[in-house]
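Take a look at the structure set out below.
The values are calculated or read from the model by the stated rules, or taken from the named source; none is laboratory data. Predicted model only: the values in this text are computed from it and were never measured. Every residue, glycine as well, gets a Cβ built from its backbone with ideal geometry; the counts of neighbours run over all protein chains shown.
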Amino acid sequence: MASPKSTAIAALRRQLTMGDALAPAPRVTRLGIAAIDAALPWGGLPGGAIHEVTGPESDGAATGFCTTLLARLSAGTRPVLWVTANDDLYAPGLAAFGLSPERLIVVRARRTAETFWTIEEALRCRSLAAVLGEVRGLTRTVARRLQLVARGSGVTAVLLRHDEDDAFANAVTRWHVVSARRDDAAEDDSNARWRVDLVRCRGRIHGEEGYVARWLIEWRAATGDFGVVADLRDRPDRPAPTRMAR
Amino acid sequence: MWLPTFATDRIVRRRPEWRAKPLATITAAAGACRIAAVNRAGQDCGIAPGMTLADARALVPDLVAVTATPTEDGHALTRLAEWCMRYTPWVAVDATNLDGGALWLDVTGCAHLFGGEGRLLRDLEARLAAFGFAARAAVADTPGAAWAWARFAVLRTADDGIVPPGMHRARIAELPVAGLRLAPDLVETLHSLGLRRIGDLYPIPRAALAARFGRFVLHRLDQALGTMPEPISPLAEPPAQQAVLAFPEPIITAAGIAAAVQRLVENLCDTLAQQALGARRLVLSCYRSDGRIASRTIGTSAPTRDPAHLFRLFREHLGEIDPGFGIDVMALAATEVAPLAPSQASLGPASDATAHELTHLVDVLGTRLGHAQVRRLAARASHIPERAVARVSAGTAPAAPEWPVGERPLRLLPHPEPIDVTAPVPDGPPLQFVWRRRTHRVARAMGPERICGEWWRDDAKLRDYYHVEDNAGCRFWVYREDLYRPDRAARWYLHGLFA
């Protein structure tokens, strides 16, 4: 037997979802990897929202995945802005991933408050296709604030986080990207292989393993595109490649 | 403007109780203490610069003597000159330095802002008197005439200090020849020949004057009469454009300052629009009533004259301006301008608006974080990895650059980090390495790619780069510095991360 309070709350919830549904359809950017695009309810990445990417700092895979996202969002013509903490982005490497540096503005923000301020200011600028922020110490309030700004302007925010703290519900998608080992020695040496986990996705329920979907994708240096090596969703969870620690 | 007792006035400012006493500064020269400067009370008692201290003490036993500080006096005079920029941007310190201190102010075209030359002089003298500086100011067509008038004319009111346009030749004729900025021995020579007034020199043939007294006297006479130009090099380069706002009452509130800045920005943008210019660098100077100047500088990435945008950039800094006891005058100067064609409301595609929005964002970020932190990456012709990318101003989009061939990492560490490496053969790729206290076992390695240092640089060292992948799949860019030498351990560095 539902109490009047809980019925009221349920009604409000319905209204909230209705409100979301009534919002104008966001611009969707396809990632160009058919298996991943198909797994996303929008058929790609929705714009005007926050997307989170996590991964260890000593691993370039998460940076590479973010670069790919930015390259797709920029579509080669629209400018993007990257807020970095260490100023270690290397333009020739970015260019190889399709992000042409002449479309990129790099901002170096040393303090946490400056980083969030910069991201917020940049999100208000509708001329930008996307804003990428390397963030640390994201709080619920800040995440909510950025989400509102992004929704208002339609600019997509990608937050690259190296500290894998708790996720915030504000992000529409949350990805965890790490490098993966390649077993056969015959492969082209310059290809990169990543394990991409779609950890959270609005509108999708994640399984017991703690992710919605998992792929093993490979970036082919020769052609500059991606191929899905294995769709790991339905496979038994393989132990992640372990790293040797001292 | 002449400050006859600048050095002693500075001392009295610190020690007001000495105001009425005879006061002198002394320098030790040729084995004797000599008077360098003396205040009004001392002059009345007959003390003059150049006397020995003993002679002066004989005249006035209670003379207060202080060691002269010419360097500090010079700095103080420069500060006073900066303060005088409230009247005109063209201010210079007089270098002739014969007596006391003197400043040049070119008030051409500025006097009307203060209600005419007379009111400007009155205002200047009143403010200086409030600071404790005795000043004699004169306005004339030439610097030479103004110099003579400030020193030797009878100035009862400030209006007496004005030599009307075109009248300087007649007016200074009555003044003593010392008004020509001549050394004392030259003045002595002229006096001994009965040439006491400047006017006495007018009828003498120029050739005779030059032959008799050297070219210097003729030179100074020509400068005073305006037949020879006398350029004055200002303290700071006068700004290309400037807007000034003087307040009837000193303003002190943040809202007042903001409103004033808004008006200044609008005025300046109007002027810039008339001349088809855009500002690249703006300096806001607040002249406080206690004589200090608070100033803030902003820069823009592209020339602009959009008042709303410029005001937004200044708003970041308004909180840092300390109004003290109030601000009398605010000046906004465009110190760097660039041509900017008149804009037109766009009918075509919105690309123009997009570019504007982006430059505005770049300016806002640069104002807060520093313009060096907002950058674009451009290619530079160098095969040294860290030198191949230049950080350029974000204001203008660089042309599509050509990037170096070869595999390059996504992140390049600002400084290569030393790593401990185990390598099976001395000049082969590493087998395992320790980076940031973590051991990475190398699963595969590609390379080496040999990059030689640029021979014209001192730190030119050869590097052998390897692209290594550890057994977790992470890929790194490591290099060994220098060629293998059996007598020395190889030095390895980690330089970048691949995706």
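If you go through segment B:150-173 and pick out every residue that is surrounded by 13 or more Cβ atoms within 10 Å (Cβ to Cβ) and not aromatic (F, W, Y), you end up with 16. Among the residues of segment B:222-249, which ones are buried (at least 17 other Cβ atoms within 10 Å of the Cβ), touching a strand residue (DSSP E or B) at 6+ places or on another chain (Cβ under 8 Å) and under 30 Å from B:I198 (Cβ atoms)? Selection gives B:P234, B:L235.
One line per residue, one yes/no per condition, for (1) at pLDDT 80 or above; (2) of a type in the set (D, E, K, R); (3) under 26 Å from the mean Cα position of the chain (by Cα):
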site: B:T67; (1), (2), (3): yes, no, no
site: B:L80; (1), (2), (3): yes, no, yes
site: B:A92; (1), (2), (3): yes, no, yes
site: B:D99; (1), (2), (3): no, yes, no
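Filtering segment A:116-127 to residues that are at the interface with chain B (Cβ under 10 Å from one of its Cβ atoms) and either at pLDDT below 90 or surrounded by fewer than 24 Cβ atoms within 10 Å (Cβ to Cβ) (or both) leaves A:W117, A:E121, A:R124, A:C125, A:R126, A:S127. Looking at segment B:155-166, is at least one residue among the aliphatic types (A, V, I, L, M), over 30 Å from B:G109 (Cβ atoms) and not in a helix (DSSP H, G or I)? Checked segment B:155-166: no residue is among the aliphatic types (A, V, I, L, M), over 30 Å from B:G109 (Cβ atoms) and not in a helix (DSSP H, G or I).
Criterion applied to B:G473, B:G496 was being within 14 Å of chain A (Cβ to nearest Cβ), in contact with a strand residue (DSSP E or B) (Cβ under 9 Å, 6 or more places away or on another chain), surrounded by 14 or more Cβ atoms within 10 Å (Cβ to Cβ) and in a strand (DSSP E or B), and the one residue passing it is B:G496.
Considering only segment A:54-63, how many residues are within 15 Å of the chain's Cα centre (by Cα) and part of a loop (DSSP other than H, G, I, E, B)? Number satisfying all stated conditions: 3. Among the residues making up segment B:19-48, a single one is in a strand (DSSP E or B) and among the basic types (K, R): B:R34.
No other residue among B:R444, B:R450, B:R480 is more than 14 Å from every other protein chain (Cβ to nearest Cβ), of a type in the set (K, R), surrounded by 13 or more Cβ atoms within 10 Å (Cβ to Cβ) and not in a loop (DSSP other than H, G, I, E, B) apart from B:R480. Say whether the condition of being over 30 Å from B:D141 (Cβ atoms), buried (at least 18 other Cβ atoms within 10 Å of the Cβ) and of a type in the set (A, V, I, L, M) is met by at least one residue in segment B:69-80. Checked against the condition, which is being over 30 Å from B:D141 (Cβ atoms), buried (at least 18 other Cβ atoms within 10 Å of the Cβ) and of a type in the set (A, V, I, L, M), segment B:69-80 yields no hits at all. Those strands (runs of 3 or more DSSP E) of segment B:236-329 in which 3 or more residues are under 23 Å from the mean Cα position of the chain (by Cα) and of a type in the set (G, A, S) occupy B:277-288, B:293-304. Selection of first residues in segment B:239-251 that are among the acidic types (D, E) and of second residues that are surrounded by fewer than 18 Cβ atoms within 10 Å (Cβ to Cβ), restricted to Cβ pairs under 9 Å at least 6 apart or on distinct chains, gives the following pairs, ordered by first then second residue: B:E249/B:G326. Considering segment B:351-370, and only residues there that are at pLDDT below 80, surrounded by 12 or more Cβ atoms within 10 Å (Cβ to Cβ) and out of contact with any His (no Cβ under 9 Å at 6 or more places or on another chain), the residue that is farthest from the other protein chains (Cβ to nearest Cβ) turns out to be B:D352. Taking the stated definitions as given, is B:G144 surrounded by fewer than 20 Cβ atoms within 10 Å (Cβ to Cβ), of a type outside the set (F, W, Y) and out of contact with any Pro (no Cβ under 9 Å at 6 or more places or on another chain)? So B:G144 does not fit the description; no. Annotation note: Cβ proximity below 8 Å between a residue of segment B:448-461 that is closer than 14 Å to B:H383 by Cβ and a residue that is surrounded by 13 or more Cβ atoms within 10 Å (Cβ to Cβ) and of a type in the set (A, V, I, L, M) (sequence gap 6+ or interchain) occurs for B:R450/B:L462; B:I451/B:I384; B:I451/B:L462; B:C452/B:L462; B:G453/B:I384; B:G453/B:L462; B:E454/B:I384. Is it true that some residue in segment B:431-440 is within 8 Å of chain A (Cβ to nearest Cβ), within 27 Å of A:A95 (Cβ to Cβ), at pLDDT below 85 and not in a helix (DSSP H, G or I)? Within segment B:431-440, not a single residue is within 8 Å of chain A (Cβ to nearest Cβ), within 27 Å of A:A95 (Cβ to Cβ), at pLDDT below 85 and not in a helix (DSSP H, G or I). Determine whether segment B:284-291 contains at least one residue that is farther than 25 Å from B:H112 by Cβ and either among the hydroxyl-bearing types (S, T, Y) or out of contact with any Gly (no Cβ under 9 Å at 6 or more places or on another chain) (or both). Scanning segment B:284-291, I find no residue that is farther than 25 Å from B:H112 by Cβ and either among the hydroxyl-bearing types (S, T, Y) or out of contact with any Gly (no Cβ under 9 Å at 6 or more places or on another chain) (or both), so the answer is no. Checking segment A:88-106 against the condition returns no match, with no residue being more than 10 Å from every other protein chain (Cβ to nearest Cβ), over 18 Å from the mean Cα position of the chain (by Cα) and either under 16 Å from A:D225 (Cβ atoms) or modelled with pLDDT of 90 or more (or both). Can you find even one residue in segment B:15-25 that is more than 34 Å from the chain's Cα centre (by Cα) and farther than 27 Å from B:F131 by Cβ? Within segment B:15-25, none of the residues are more than 34 Å from the chain's Cα centre (by Cα) and farther than 27 Å from B:F131 by Cβ.
Among the residues of segment A:205-218, the one identified as among the charged types (D, E, K, R), within 15 Å of A:R174 (Cβ to Cβ) and surrounded by 15 or more Cβ atoms within 10 Å (Cβ to Cβ) is A:R214.
Of all residues in segment A:128-153, those being within 14 Å of chain B (Cβ to nearest Cβ) and surrounded by fewer than 16 Cβ atoms within 10 Å (Cβ to Cβ) number 0.
Filtering B:T300, B:T304 for residues that are buried (at least 20 other Cβ atoms within 10 Å of the Cβ), closer than 15 Å to B:E336 by Cβ, in contact (Cβ under 8 Å) with a residue 40 or more places away in the chain and touching a helix residue (DSSP H, G or I) at 6+ places or on another chain (Cβ under 6 Å) leaves a single hit, B:T300. When B:T142 is tested against (1) polar (S, T, N, Q); (2) out of contact with any His (no Cβ under 9 Å at 6 or more places or on another chain); (3) under 29 Å from B:A211 (Cβ atoms), exactly one condition is not met: (2).
The residues listed here are A:A38, A:A34, A:A75, A:A62; of these, the one that is aliphatic (A, V, I, L, M) and at pLDDT 90 or above is A:A62.
Matching residues to (1) closer than 13 Å to A:V178 by Cβ; (2) at pLDDT below 85; (3) more than 22 Å from the chain's Cα centre (by Cα); (4) not small (G, A, S):
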position: A:V199; (1), (2), (3), (4): yes, no, no, yes
position: A:Y211; (1), (2), (3), (4): yes, yes, no, yes
position: A:L216; (1), (2), (3), (4): yes, no, no, yes
position: A:R220; (1), (2), (3), (4): no, yes, no, yes
position: A:V229; (1), (2), (3), (4): no, yes, no, yes
position: A:A240; (1), (2), (3), (4): yes, yes, no, no
